[in-house]
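Structure first, then comments.
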Amino acid sequence: MYSAAYTNENHHAERVDFLTNRDKSPSKKRTTGVVIGVLLGVLVLAAVAAFLIWFFAFKDATEGGRISKRRAGAVQVFSGHLTLENVEYDQKLEDTLSPEFGALADDLEEIMAATYKKDPFLAEYYTKSVITAFSEGVVAYHWTQFDIPPSDLEVLPEFTEELIQEKLWTGVQEHGRKSRQNIQIKEVTASYTDPRMARNSRAQECFSRLEATDVVQAFHSPGFPVKYPAKSRCQWQIRAPENHAISLRFTQFHVEDDCSNDFVSIYDSLSPDSSQAITEKCGQRPPSNPLQVVSSSNILLVNLITDSSTQRPGFRAEYSLIPISTPKSCGGLLTNVQGEFSSPHHPSFYPPALDCKWTIQVAAGQKVRVKFNMFRMKEPGVDVRECHKDYVEVMGRKYCGELSSLSLTSPTNTMDISFHSDESYTDKGFIATYNAFNPKDPCPGLFACAVGICIAKDLKCDGWNDCGDMSDEMDCKCEKEQFACDNGMCKPNYWVCDRVNDCGDDSDEKQCSCGDNEWRCGDGTCVPQDVVCDTRKDCEDGSDEASCKVSPGICSDYSFTCKDKSCVNKVNAECDRVADCSDESDETNCDCGIRPYKLNRIVGGQNAELGEWPWQVSLHFKTRGHTCGASIISDRWLLSAAHCFKTISPENHMASSWQTYSGMQDQTKQAGVERRGLKTIVSHPDYNPMSYDYDIALLELSEPLTFSNTIHPVCLPAPSHVFPAGLPCWVTGWGTLREGAMRASRLLQKAEVKIINDTVCNVVTEGQVTSRMLCSGFLSGGVDACQGDSGGPLVCFEESGKWFQSGIVSWGEGCARRNKPGVYTRVTKLRDWIRTTTGV
Ligand code: ARG
């Protein structure tokens, strides 16, 4: 009754166990009265009581859980292992159905039961102990369940791992000696365990035992690849011969997105105890990012837990044995001028409980520079300043978590890099490159940044963070047209009060407040306070009307217009998962802007992953291959730039000259890609090939697209949608990787760029931008779209969890030049034209 949630989910396999459990506490209350009674009477009464309690508990749970919620108690499960001293290992113990398993498991279960039942505190809550497996050693894997009724919930904090371990340790010594076989136990562990993973391996329900060999074998979740059943509690025990480890790789993985409903958890043990968890995952993983783990010894446990709502295809996994990783088999001495090294088994998760050490030694007089190109050692509940669990240690400092860039330089010609993984939770680890350099002249003819990279001398003190660590902008004397930041840096005057923290200490944005009765617009100008939310645009960027919850129904350029023509004064109200219009029209047609695949960001790299930008389209012109980009806005319509089509060559205007490729990442790969011809090309009637004003085109496909994990539309912003200055957005495309390069990129590229405020945009483009354009990029240069990216999308992620297209790649002076950001067609300005042309 009190463990309704648990009962509910386990009612088949474990119902019998709950009978005992349920009858326990009431019968206990009764005991005082009936101890003197006839023993038979007690038993009958208890059995009847048990039946009634079970009956009502079960009924409660199935009747929507209303009563059970009110009375819910708590279930505490602890699992771990016992190492037995005087028992000989017998292979038959691995078979849970063998008499050998039965005999030893029964004995141990009795010892554990006696331990807990004799304890004055725990006896009251003890329900059962189960032995689930044995491995060499002899190690027995166990779990124990305690049920705490709602009336006793205040004792819950007393159920600590320390308490259970201590009681178990003293109890099993004592009761082990008294047991039939005089079992001696030399080690015990017990850790918090998710009750859903406490399985009875003798029940054999959705339970499998697998033997890893050197041939790759596979298993899959029940119902794969259609869908797994609801309320699954499945377990796979994988073993390898002694002195081997196991490698497990999920070739397909598609579990519901919310890990609190469905998930797969993997343990470096045969017990699901949290201290030996390797990882817990849910969601869908693309083939380019498979989940791959390695055990530290010859055992591994995989669990699948599902609830009742959304069922997904599940997983297929391959396993095989590999040599055990030892501190000797990883790390080592590296003496080349340059090279690469990585965490053990990268890109698989590294194994738990492993230490490795690399020593890089270069010629005397030289120094070592190490750059981590990918670094992921994330663990739940770890403070990344302390890194008390898994870490990499270099020069006395520990690193953990996820780092996007890490470059280190040694003070001498050697550098030691230590890697440590503890017993629980592992991750993808790292890849690093190293090289030797001459400390007297680390950057011949150039400026040496503190991070170790070299930049041109005239980039020092120019206001731009060229080093990436600001070391080129420290200790500078500011010029006349520069602003002196409080931290000693110099920045161009026109960056002051632009709502972007350019100094890094916010000093360029500090004295920007307006007068007492004034309001500060997004671009820094001041307007009288009483024009805010007066339904008229007073700030150039409209920020005075952007968030006016107080004026319901009043319509301005900055309100969202519902289908019934009423207005919502809320910033970015469309598709934000909150129905703001009374007709809910702000939340219709919102199946857009999401990535069906779950992706791990590859830090530092700029190659996009398959499915990362599912709205991106490649436009091929005749036999010339990739020419422009576009984005999917519906199954029949693509959005692109007019300048891709309106050229002097009439062939560019013709729909038949073009082929479109959706779901593509690699230009040389066709799998999962949908090719469509074009039916019509509608370029904006006001497109101006001189100024690139109205650089927008709509492309109607010959046949509709079928959406998939890699093909999905982006959300279009309402005309009132605000993309504020400083907002980080992403531009994607197969355009050239450098200005002046001849070839388009083979792999889809992504770059993070920031929205630039309109005043600054106008200054840096010398007045060439119109209100149909917006700037995005970095004034410091270095990141931008380029030739071949045109027509492709600039997308921004909204808090509601969706990607909206803010721009279309249009033009720029060169690519990634300093002070020359990319210029994009402003989608909000042309939203209505898109709707009237396509109905989208
Ligand atoms: N017009 C170029 C094209 O046709 C795109 C230029 C974008 N340039 C830039 N610097 N953002 O592909």
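Each value in this text was obtained by applying a stated rule to the coordinates, not by laboratory testing. In this text the structure is predicted, and so the values were computed from the model without any measurement. All Cβ positions, even for glycine, are placed from backbone atoms using ideal geometry, and neighbour counts span all protein chains on display.
Could you work out the relative contact order of the stretch 712-836? I mean the mean sequence separation of Cα pairs under 8 Å and 6+ apart, divided by the number of residues, in percent.
On the way: 291 pairs, mean separation 37.6, N = 125.
This gives 30 percent for the stretch 712-836.
For q = 0.15, 0.22 Å⁻¹, what log10 I(q)/I(0) does the stretch 712-840 give under the Debye formula with an equal point scatterer on each alpha carbon and no solvent? With one equal scatterer per Cα and no solvent, log10 I(q)/I(0) is -0.66, -1.33.
For the stretch 419-517, the list of GluC sites (Glu not before Pro) that fall in a loop by DSSP and count at most 12 other C-beta atoms within 10 angstrom reads GLU481. Put a dot 7 Å past the Cα of MET654, heading toward its Cβ, do the same for THR535, and the two dots end up 5.3 nm apart. Over what distance in Å are the Cα centres of the stretch 101-176 and the stretch 437-500 separated? So the separation of the two Cα centres works out to 63 Å. Among the GluC sites (Glu not before Pro) found in the stretch 666-761, those both in a DSSP coil and sparsely packed, with 16 or fewer other Cβ atoms within 10 Å of their Cβ, are GLU739.
Evaluated at q = 0.09 Å⁻¹, a Debye calculation over the C-alpha positions of the stretch 71-210 (equal weights, vacuum) places log10 I(q)/I(0) at -0.26.
Assuming 0.36 nm per residue, please report the length gained on full extension of the stretch TYR192 to ASP416 beyond their Cα-Cα distance.
77.0 nm is the gain from fully extending TYR192 to ASP416.
How many percent of all Cα-Cα pairs in the stretch 766-818 sit more than 13 Å apart? Here the long-distance tail beyond 13 Å is 65 percent of all Cα pairs in the stretch 766-818. Think of the chain as a dipole: +1 on every Lys or Arg Cβ, -1 on every Asp or Glu Cβ, centred on the Cα centre; then among MET690, ALA744, GLN529, ALA744 lies furthest on the positive end. Computed from phi, the 3J(HN,Hα) profile of the stretch 295-306 under the Karplus parametrisation 6.51, -1.76, 1.60 (θ = phi - 60°) reads 8, 8, 9, 8, 9, 7, 10, 10, 10, 10, 10, 10 Hz, with x in place of Gly and Pro.
Label positions at THR680 and VAL578, each projected 7 Å from the Cα along the C-beta direction, are separated by 3.9 nm. For the stretch 330-347, backbone nitrogen atoms closer than 19 Å to the point 7 Å from LEU737 Cα along Cα-to-C-beta are found at 339-340. The trypsin sites (Lys or Arg not before Pro) of the stretch 208-245 meeting both criteria, a DSSP state outside H, G, I, E and B (loop) and at most 16 other C-beta atoms within 10 angstrom of the site's C-beta, are LYS227, LYS231. Using θ = phi - 60° in the Karplus curve 6.51 cos²θ - 1.76 cosθ + 1.60, the 3J(HN,Hα) couplings for the stretch 141-153 round to 9, 9, 8, 9, 10, 10, 10, 10, x, x, 5, 10, 4 Hz; x is entered for Gly and Pro.
When each of VAL139, VAL384, VAL302 is scored by the number of other beta-carbon atoms lying within 10 Å, the sequence from fewest to most is VAL384, VAL139, VAL302. Taking 25 Å as the limit for the C-alpha separation, the pairs LYS227/LYS428; LYS440/LYS460; LYS491/LYS820; LYS281/LYS357 exceed it in the case of LYS227/LYS428; LYS281/LYS357. In units of the compact-protein estimate 2.2 N^0.38 Å, the stretch 255-297 shows a Cα radius of gyration of 1.26. The calculated pair-distance distribution of the stretch 406-549 uses every alpha carbon pair, bins of 10 angstrom beginning at 0, and gives 10, 24, 21, 19, 15, 9, 2 percent. Along each principal axis, taking the top coordinate minus the bottom one, the Cα set of the chain gives 101, 77, 62 Å in descending order. Fewest-first ordering of SER275, SER260, SER806 by other beta carbons within 10 Å of each residue's beta carbon gives SER260, SER275, SER806. What percent antiparallel are the DSSP beta bridges of the chain, to the nearest 5? In the chain, DSSP labels about 95 percent of beta bridges as antiparallel. Spacing of the modelled spin labels on LYS328 and GLN173, each 7 Å from Cα toward Cβ, amounts to 3.6 nm. Report summary: the helix-based calculation at 222 nm, which adds -39500 (n - 2.57) for every DSSP H run with n ≥ 4 and divides by the residues of the chain, gives -4000 deg cm²/dmol.
What is the helix-to-structure angle for 161-178, meaning the angle in degrees between its Cα long axis and the longest Cα principal axis of the chain, kept from 0 to 90 and rounded to the nearest 10? Result, in degrees: 30. With neighbour counts taken as other beta-carbon atoms within 10 Å, the residues PHE207, PHE723, PHE78 rank, fewest first, as PHE207, PHE723, PHE78.
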